[in-house]
Each structure stands twice: as C-alpha cells, then as structure tokens.
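Nothing in this text is a laboratory measurement; each read-out follows from the coordinates by a stated rule. Keep in mind the model is a prediction, meaning the values are calculated, not measured. Here Cβ is always computed from backbone atoms with ideal geometry, including for glycine, and neighbour counts include all displayed protein chains.
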Amino acid sequence: RSDEPSVVPAGEALCNVGLHLLDENLQPVRPGCMGELYVSGPALAHGYLHQPGLTAIRFVPNPWPLDANDTRLFRTGDVARHGRCGLEIVGRSDRQIKVRGVRIDLDDLETRLERLAPVLRAALVDSADGLSAFVQCRAEADSKQLWPALRLQLLPEERPARLWLVERM
C-alpha cells in the first residue's frame, strides 16, 4: 500500500540488552501496533555529557527493572512495531534525521541557526531534495553574510541544500 510507512527490520537485541516497544504511558504495545522503541540493560550510558536536560528527557526510570543494573530506559525516538519478522522501525517520534550517516536534530539546528548574527528566526524542512532552511534575517543584516556563517558554524551534513529568505515567519 502507498500509505504504508517505509519499514526497516531492526534485528534482535544483543545479550544483556532489552528492547521495549512502549506507548506514551510507558506501557507495552500490542503486536502489530506502533510504539516508541526503548533500550535497557547494564551497558546503557549514564546520560549525555554536560547535558542534564537532554539526559532527563532521553533516560527515564525503568518500570520493570530486572536487577539493580537495569533501572533506566533509553528513549531512542524510533517508532516501531512487532511485525511478522520481528521488530520493524517505521519512523521517528522526533525531528531527528540522518544525513550521510550523521544524526541531526532539526530543533537543535534551528536554534543554532538563530544564534547566527544575521538570523532572527529559522525553520528547517527535510525532503527528498535535501534540507531546506527558511530564514528571516534582521532588518539591518545583509543576507550575503549568511552563507559564510553557515560554512563556519555548521558541519557539511548540517548545511541546508537550499536557503530561502523570508520576510515573515
């Protein structure tokens, strides 16, 4: 069917790694239903370095710990379901994308764009044609300042393929 999301087989968990498919209330979803994929186990990281806010969002208490080393779940952001051949990834629950193997959070990138001197507001859209940035510049700023700033501040994978200057957002 054309309205069916693209599906990527997730394979199986490694030894001592738990995969949990949960709803928004951290309850297991029924087979065939979609939920967010969480990972647990003793190999789980303690969090993000110097990012307590992000750590609190992504690393949540495990409601079903198997032992003292299994107290947290990592929220992957992947939307998945139990399919005929095991776990299938069908999309994302957040605005993260991958460009040439580099994971990019569009919300974070918009915030970083808005810190550039000429930028007042920014919005990013990912499409088959690549990443497009819609940018509102400050009245006194010259839009020609933007490309050099983008080259200095962003990884090549983070740079938009298209830049659209807009008057209002």
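For segment 1-81, GluC sites (Glu not before Pro) are listed when DSSP marks them as loop and at most 10 other Cβ atoms sit within 10 Å of their Cβ; the list is Glu12, Glu24. Annotation: extensible slack from Arg30 through Lys144 equals 35.7 nm (criterion: 0.36 nm per residue apart, minus Cα-Cα distance). Note on segment 24-169: along the principal axes its Cα atoms extend 59, 36, 26 Å, ordered by decreasing extent. Taking one quarter of the surface of the convex hull spanned by the alpha-carbon atoms of segment 109-169 gives a direction-averaged projected area of 3.8 nm². Based on alpha-carbon atoms, the Kirkwood radius and the radius of gyration of segment 1-51 give Rg/Rh equal to 1.05. Loop-only check: which trypsin sites (Lys or Arg not before Pro) in segment 98-169 are DSSP coil with at most 13 other Cβ within 10 angstrom? For trypsin sites (Lys or Arg not before Pro) across segment 98-169 that sit outside H, G, I, E and B with at most 13 neighbouring Cβ atoms in 10 Å, the list reads Arg100, Arg115, Arg138, Arg168.
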